[in-house]
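The values are calculated or read from the model by the stated rules, or taken from the named source; none is laboratory data. Bear in mind the structure is a predicted one, so any value in this text is a computation, not a measurement. Don't worry about glycine lacking a Cβ; one is built from the backbone with ideal geometry, like all the others, and counts go over all protein chains shown. These area figures cover heavy atoms from the full protein model, side chains too; ligands, DNA and RNA do not enter into them. Shrake-Rupley method; radii C 1.70, N 1.55, O 1.52, S 1.80 Å.
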Amino acid sequence: MLSIPVTYSDTYKPTGSKHRARTAPDPPPLFDDTSGGYSSQPGGYPAPGADVAFNVNHLLGDPMANVAMAYGSSIASHGKDMVHKELHRFVSVNKLKYFFAVDTAYVAKKLGLLVFPYTHQNWEVQYSRDAPLPPRRDLNAPDLYIPTMAFITYVLLAGIALGIQKRFSPEVLGLCASTALVWVVMEVLALLLGIYLATVRSDLSTFHLLAYSGYKYVGMILSVLTGLLFGSDGYYVALAWTSSALMYFLVRSLRTAALGPDSMGGSAPRQRLQLYLTLGAAAFQPLIIYWLTFHLVR
Amino acid sequence: MAFTLYSLLQAALLCVNAIAVLHEERFLKNIGWGTDQGIGGFGEEPGIKSQLTNLIRSVRTVMRGKKKNEWNTLKF
C-alpha cells in the first residue's frame, strides 16, 4: 500500500518530476512522516520537526495520498466483507450461537450429569414449536461451551502434569493440543460416515456430534487430576468411573436423539445399525480417554 | 501417536486420492461396486453397499471437477 503513491506519481508525469525533485534528498515522504512524527528525541527534534511539519502538510494536501487512503480503507472493508461471507458459507453463526447459550446453573448440572448420570430420569430433548430449546432451559440439550472449556483446561492440565514430571517444553503443549483436536475431528468424521452409511434419519448435525465428542474432555480432566493427586491407582479408578459414566451418558442421550421422531418408522436392520453405531461410539470413548492421558500420569 | 493438523490434512488428501483412483471398469465392476449395477429401487432400504457405491461415485464426480471439457479439447 505504501507503494501506491509511487505508482500514481509515475502516471502523473507533470507533477511526478516535481515530487521527485522535492523529495530527492529523502526516502519517500510517507516513511519519514510516520516515524518522525511521533518520535520524542529532544536533540534531533528541531530539524526533523521542520521536516515533519513540511511533510505532514505535504501528506494531507496531497491528493494522491487521499486517494491512497480511500483506496486502502475500501480494500480493508471489502476484505472484511469477503471474510464474513466466506465464514457464513461454512459455519452458520446462528446455529453456533445456540450451542453457547448457557448459564452457570446449566453448566453445573451438566457437569454433575457427566460424572453421575445414573439417576437421571428424562433424557429427551425438549422442543418448543419445532425448534429445540437452548441449553439454558433444557438440561438434555448439548452445548459446545463445556467441550471448548474442557479442551483448553485439558491442554493446560497436560502442561502442568508434564511440568511436574520435568518433561515440559512449549512444543509439547502445542503437540498435545493438536493431537487431541485431531482425534476429535477424526471421531466426528467417523460418526458422520457411520450416520450416512446407516441412513440414520435424525436431526444430529455436525455440531451435535462435536458436542457429544467433546464431553470426553471432562472425563480426561478428572482422570488426570486424580492421577496427579493420588498416584497411578487413583488414575485408574477415576478412568474406570468416568469411562462408565460417559458411556452410559452417551448411550442414553444418543438413543433418544438418534432415533428422533422416526423411531417407529425404521425397520429392524436399520435400528440394529443405529444401535451398533451408538454402542461403537460409546465403546470408543474409554480407549481414547486412556490413549490421550496415560502418558501424562506415570 | 502425536498428530498434527497437517498430518490430518495429509491423511484426508491421501484417502480422497485413493477413492479417486479406483478404476471403474477394471476394478469396481469386478467386485460388483460399479455405478450401473445395483442402483436399487426407490424403496425404503438403500443398504450399506448402495450407500458406499453412491459415496464413491460422488467423490469421483466431485474430483473430476470442471476440467474434463478442457482435456477433451487438447489436441497434440
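Some observations on this one:
- Across the range A:110-115, coupling constants 3J(HN,Hα) worked out from phi with the 6.51/-1.76/1.60 Karplus curve, θ = phi - 60°, read 5, 5, x, 5, 5, 8 Hz, and Gly and Pro carry x.
- The string of couplings for the range A:87-100 from the Karplus curve (6.51, -1.76, 1.60, θ = phi - 60°) is 5, 5, 6, 8, 10, 7, 5, 5, 5, 5, 5, 4, 7, 9 Hz, one whole number per residue in order, with x for Gly and Pro.
- Simple spin-label estimate for B:K29 and A:Y118 in nanometres, 7 Å along Cα-Cβ: 6.0 nm
- Think of a 1.4 Å ball rolled over the protein heavy atoms: the range A:206-259 then has 38 Å² of accessible area per residue.
- Residue pairs, from the table A:K110/A:K216; A:K109/A:K216; A:K216/B:K49, whose Cα atoms sit over 21 Å apart: A:K216/B:K49
- Full extension of the chain between A:R201 and A:H295 yields a length gain of 29.9 nm, computed as 0.36 nm times the residue separation minus the alpha carbon distance.
- Apportionment of accessible area to carbon and sulfur, the range A:71-145, percent (1.4 Å): 60 percent
- Accessible-area ranking of B:C15, A:C176, largest first, probe 1.4 Å: B:C15, A:C176
- The candidates B:I48, A:I221, arranged from most to least accessible area with a 1.4 Å probe in the full protein assembly, appear as B:I48, A:I221.
- Taking every residue in A:177-189 and counting other chain Cβ atoms within 10 Å of its Cβ, the average works out to 3.
- Carbon + sulfur, % of accessible area of the range A:168-252 - ligands and nucleic acids excluded, 1.4 Å: 76 percent
- Considering only Cα atoms, the convex hull volume of the range A:100-241 works out to 134 Å³ per residue.
- Normalised by residue count, the range A:185-240 yields a Cα convex hull volume of 89 Å³ per residue.
- Among A:I289, A:I195, A:I152, the order of accessible area from largest down is A:I152, A:I195, A:I289, computed with a 1.4 Å probe on protein heavy atoms.
- Chain pair A, B: total accessible area buried, heavy atoms, 1.4 Å probe, Å²: 1400 Å²
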